[in-house]
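The values are calculated or read from the model by the stated rules, or taken from the named source; none is laboratory data. Fair warning: this is a prediction, and the values are worked out from it, not measured in the lab. Positions of Cβ are backbone-derived with ideal geometry, glycine not excepted, and every protein chain shown enters the neighbour counts. When the accessible area is computed, the model is the full protein with side chains, heavy atoms only, and any ligands, DNA or RNA have been set aside. Shrake-Rupley method; radii C 1.70, N 1.55, O 1.52, S 1.80 Å.
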Amino acid sequence: MNHEGSSVLGKSAVILVIVAIVAIALNLAFAHSLHFESLGLFGFGLFCLFYAGAISPLSRHTHAKAKPVPATPARKTLLGLSIIDRQGLSHKQPFEPSARPCHALTVDLEDYFHTEVASQGISFSDWEHQPSRIEPSTHRLLDLLDRNRTHATFFVLGWVARRYPRLIREIHHRGHEIACHSLDHQRVNRMTPTQFYESTANAKDLIESIVQEPIFGYRAPCFSITPGCEWAFDALAKLGFSYDSSVHPVHHPTYGNPNAPRSAYPVANDQLMEFPIATWKVAGHNLSVGGGAYLRLLPFQYIQRGLASWEKDMQSPAMLYLHPWEIDPYQPYIPLSFQSTVRQTWGTSMMEDKLQRLLHQFRFAPVRVAHKGVLQDKGCSPRKSTFQTEKAVTQVAG
Ligand SMILES: [Zn+2]
């Protein structure tokens, strides 16, 4: 082995050891909050092997820059993904755009104090008195999407729509799809069918009155259409929704349904499509690669490899999600346990950069565009895609 080869191997080994130590420490410290207990160290061992597989070629690429090598198809398709340099900046791979699926990018539009984790420190009756961060964090997200000429689906919480109708109109006028994320962030599996139907009807009416057109998509808070709550699909179909994205096919103590299909499937007598959150099948287990805390807390390469695996295996759009508060490192303090603080705040300062890399390396669209093939039959056509100037948006939304 020459000097360059042994140097690369040494660096890879050091990075691998560091990642392994961090992964094992995370597993031991936060097993219950990160939900890796079912995989344990075996899963992390696999993860580290995958990571090593990623690091080695990346290092080779870095050395290759100093000593140009004629490009070959094998080098151009390194990892099947973009090539990342030392600064973390990525360069578009020469993929055939038409050969890659356009994944569904979704945003659950809620403030930092609406989360299940925050409810341990802030009750529903206190929501009114919390300093809101929804406008600045959503504007940062909208600007990031504009810069990447990407539209998304925004599942809007009714509570937010009632207080910030102008923000909802702005999102809509900037070309994004508007959908529903319940009225008050109550979990479906804690409601009766009647309560669910009435509160969802109220949320739908409220949001539609703001955007002045029908909405077609629904996502339950905390992916809470769990086994035993299938009646919710019937209610959604009856209310006029065309699709739902409330199933997360992973092991999870509060919301998982690991036996659910990983890709789109019809429910409610074929009246509604279910689009589950994206997963990566490793050693017989479904690991979530759908964004959210998994993108925020884990190395970027984890989601990158998971999505590449999805593209190889599924040949259909993956469903990703995030929240505006996840790119906001300035959330006000909430008295929470250490584990809950990790889940609520860690990784927020790096999330925007990770999202930028994700938008650069993969193609994304709103649900109605990504899944237009199956949704057009249900009367749900994609909107015309436009990127309007900020001035025009302000005039219309105001
Ligand atoms: Zn939510």
How much length, in nm to one decimal, is gained on full extension between ARG166 and ASP234, taken as 0.36 nm per residue of separation minus their Cα-Cα distance?
-> 21.3 nm
FRET efficiency (ASN259, GLN120; Cβ distance; R0 30 Å; to 0.05) is 0.55
Inter-part gap, Cα centre of segment 317-373 to Cα centre of segment 280-300, in whole angstrom, is 13
Filtering trypsin sites (Lys or Arg not before Pro) in segment 136-199 by DSSP loop and by at most 10 other Cβ atoms within 10 Å leaves ARG149
Measuring from its Cα centre, segment 101-397 shows a charge dipole (+1 at each Lys and Arg Cβ, -1 at each Asp and Glu Cβ) which, in debye to the nearest 20, is 720
How much accessible area per residue does segment 192-235 have, in Å², with a 1.4 Å probe?
-> 39
Computed FRET value (nearest 0.05) for ASP143 with GLN271, which takes r as the C-beta separation and R₀ as 25 Å = 0.10
Normalise the Cα radius of gyration of segment 242-372 by 2.2 N^0.38 Å (N = residues in it) and let me know the number.
-> 1.10
How much solvent-accessible surface does CYS380 expose, in Å² to the nearest 10, with a 1.4 Å probe and all protein chains in place?
-> 0
To the nearest 0.05, what FRET efficiency results for PHE338 and VAL282 with a Förster distance of 22 Å applied to their C-beta separation?
-> 0.20
